[in-house]
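Below: one structure, written as structure tokens.
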Amino acid sequence: IHPTAARRPYPIVVQSENTSYTSEHIISKFTNRGTDVIVADGQYKVVPTAKEYEFQTAVKVPKTGLMMVGWGGNNGTTLSATILANKHNIVWHTKSGIQQPNYIGSLIRASTVRLGADPKTGKDIHVPISDLLPMVHPNDLVLGGWDISGAPLDEAMKRAEVLDWDLQRQVAPHMAALGAPLPSIYYPDFIAANQEARADNVIPGKDKHAHLEQLRADIRAFKEKHALERTIVFWTANTERYADIIPGVNDTADNLLAAIRASHEEVSPSTLFAVAAILEGEPFVNGAPQNTFVPGVIELAERHKSFIGGDDLKSGQTKLKSVFAEFLVNAGIKPLSIASYNHLGNNDGHNLSAERQFKSKEISKSSVVDDMVSANALLFRPPQEGAVKGSKEAKGEHPDHIVVIKYVPAVGDSKRAIDEYYSEIFCGGRSTINIFNECEDSLLATPLILDLTILAELLSRVKYRNVSDGQTEFAPLYSVLSLLSYMLKAPLVKPGTDVVNSLNRQRNALETFLKACIGIEGSSDLLLETRIW
Ligand code: NAD
């Protein structure tokens, strides 16, 4: 068994007054240190702050289901087949030898964090992230879902043309045993017209409230059939066009529920799935770029203390951008333009070849450098107060940024991405860096779906209380799970708070949080003992 797929009992014991264990919980004390900064007359008045919190994590990993919307697509079938390959330890022949299944590409299963150092040797000890807290093993996920295409899972896997034939051949009986996706809701106006031929498995009628009730009944039936304690609902269906935000329709929770009852045309399928999951108290994650989370959905999730996360899997080009643009700006180099071009030939690419669906992707890919740019006022002139609304001065300085996506059927799932970073360097010099990236799109995306599922389940088991404010009861985390940002192109965050796009900061946040839940401090890069006598 590959080390990333190996199953281990929970291995960590923290011996400290900050951490206690009961048969049901890990309870930790955590001091959240910050700094308040008041800027006045060119001076920064800085006040260090410290607030005491406690975290309580349920140790029992619940029996967990994953219901994918778009189960019969490239991501859905690739995820199902690779989990089955791991579960049944299926090895297969490729032209270069025998291949073992694994979970490479999963942050949770295949990356490590520094836990600390051996006191005798001083050498670092690293552990897989999956060892930090009890987490669901991917092999244990019960798989299900919906698709507007009724092809059984084995046929759908074949149609996707992602996996090696020898793997497909062996995993096909297990895929066939999963059956076919449940019928789904299909509103043709939201996805590209070129998808119509696939839509042979749809819930009949035009009554959106009846559709919502059907989805809720599907979730309940799935949970009951498999005796599940938790089910993650995951949108990995086609990218939809943006829904218009209309006052009175989708701007508040009550308006949205009324709009669903009235079958309003601007309620998208993905929004209906999100509402269904929220009302069933199950986490919903949006792996595509459209604005599923209209304000009414966020308010509804808050009201029901349900969990939501999104948007759009950050798999290739954008992941690199959230590292590379930050590297340039943090090195004091000024990117003047970032030009990104992609072509791909899978069904996602076909859908994105339509203008309105491309637009959703363009928006989600575009905002990724915003926070890095606005953090450096030495290189980029900040927005000017009092400037004419909409003017260049009011928006502030920003690198030119363009994103192009083209559909080229011949390359199938093997996406090609080219990025040019054109930057200003010392005293008027110029630097041009080009990056060419080629790889199977679905094999990048699949581990992210797993990570998001595993984390969403875990975060639904963590509670906190703010000791400094005298909070006595433990409460669930806030509904929008922004700790999922590492895997998402356009992270959804608590309304009114800043989006963090930097991959490094996103990973640090997650690592610090998971360590806080077991009562240890996150940051270890100071390594003070190596810097002093
Ligand atoms: P795909 O086209 O192969 O699969 C999508 C599936 O969704 C299809 O089987 C389709 O029939 C189904 N579908 C469409 N509308 C539906 C509905 N209303 N209900 C249920 N099923 C529906 O696409 P994919 O490559 O699997 O990608 C899935 C999504 O993930 C896309 O939106 C894509 O943009 C997004 N995404 C993918 C990647 C990646 O690297 N593969 C990265 C980021 C985002």
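The values are calculated or read from the model by the stated rules, or taken from the named source; none is laboratory data. Fair warning: this is a prediction, and the values are worked out from it, not measured in the lab. Here Cβ is always computed from backbone atoms with ideal geometry, including for glycine, and neighbour counts include all displayed protein chains. Areas reflect the complete protein model, heavy atoms only, side chains present, ligands, DNA and RNA absent. Shrake-Rupley method; radii C 1.70, N 1.55, O 1.52, S 1.80 Å.
Provide a single number: the residues in the range 347-392 that are part of a loop (DSSP other than H, G, I, E, B) and open to solvent by less than 40 Å² (accessible area, probe 1.4 Å).
Residues in the range 347-392 being part of a loop (DSSP other than H, G, I, E, B) and open to solvent by less than 40 Å² (accessible area, probe 1.4 Å): 6 in total.
Only one of these is of a type outside the set (Asp, Glu) and in contact with a strand residue (DSSP E or B) (Cβ under 7 Å, 6 or more places away or on another chain): Arg216, Arg230. Name it.
Only one candidate passes the filter, namely Arg230.
Consider only pairs whose beta carbons are under 7 Å apart and that are at least six residues apart or on different chains; among these, list those whose first residue lies in the range 446-469 and is in a strand (DSSP E or B) and at pLDDT 95 or above and whose second residue is among the aliphatic types (A, V, I, L, M) and open to solvent by 10 Å² or more (accessible area, probe 1.4 Å).
Val462/Leu477; Lys463/Ala475; Tyr464/Ala475; Tyr464/Leu477; Arg465/Ala475
If Ala85 passes every condition in (1) part of a loop (DSSP other than H, G, I, E, B); (2) more than 16 Å from the ligand (Cβ to nearest atom) but one, which one does it miss?
(1)
So Leu320 clears everything in (1) more than 16 Å from the ligand (Cβ to nearest atom); (2) open to solvent by 20 Å² or more (accessible area, probe 1.4 Å) except one condition, right? Which one?
(1)
Hey, Val294 hits all of (1) free of Cβ contacts under 8 Å to residues at least 60 places away in the same chain; (2) open to solvent by less than 20 Å² (accessible area, probe 1.4 Å); (3) under 20 Å from Leu452 (Cα atoms); (4) of a type outside the set (Lys, Arg) but one; which does it fall short on?
(3)
Search the range 280-302 for residues being touching a helix residue (DSSP H, G or I) at 6+ places or on another chain (Cβ under 6 Å) and not in a loop (DSSP other than H, G, I, E, B), and hand back the single one that is nearest to the ligand (Cβ to nearest atom).
Val285
What residue, of Val329, Val368, Val297, is closer than 27 Å to Lys208 by Cα and not aromatic (Phe, Trp, Tyr)?
Sole residue among the options that is closer than 27 Å to Lys208 by Cα and not aromatic (Phe, Trp, Tyr): Val297.
For the subset of the range 437-477 comprising residues that are of a type in the set (Gly, Ala, Ser) and over 12 Å from Gly309 (Cβ atoms), which member is nearest to the ligand (Cβ to nearest atom)?
Ranking the qualifying residues of the range 437-477, first place goes to Ala445.
Within the range 193-215, can one find any residue that is away from the ligand (no atom under 14 Å from the Cβ), open to solvent by less than 60 Å² (accessible area, probe 1.4 Å), at pLDDT 95 or above and on the phi < 0 side of the Ramachandran plot?
Yes - at least one qualifying residue is present in the range 193-215.
All but one of (1) within 11 Å of the ligand (Cβ to nearest atom); (2) open to solvent by 10 Å² or more (accessible area, probe 1.4 Å); (3) closer than 24 Å to Leu107 by Cβ; (4) out of contact with any Asp or Glu (no Cβ under 6 Å at 6 or more places or on another chain) hold for Asn330; which doesn't?
(1)
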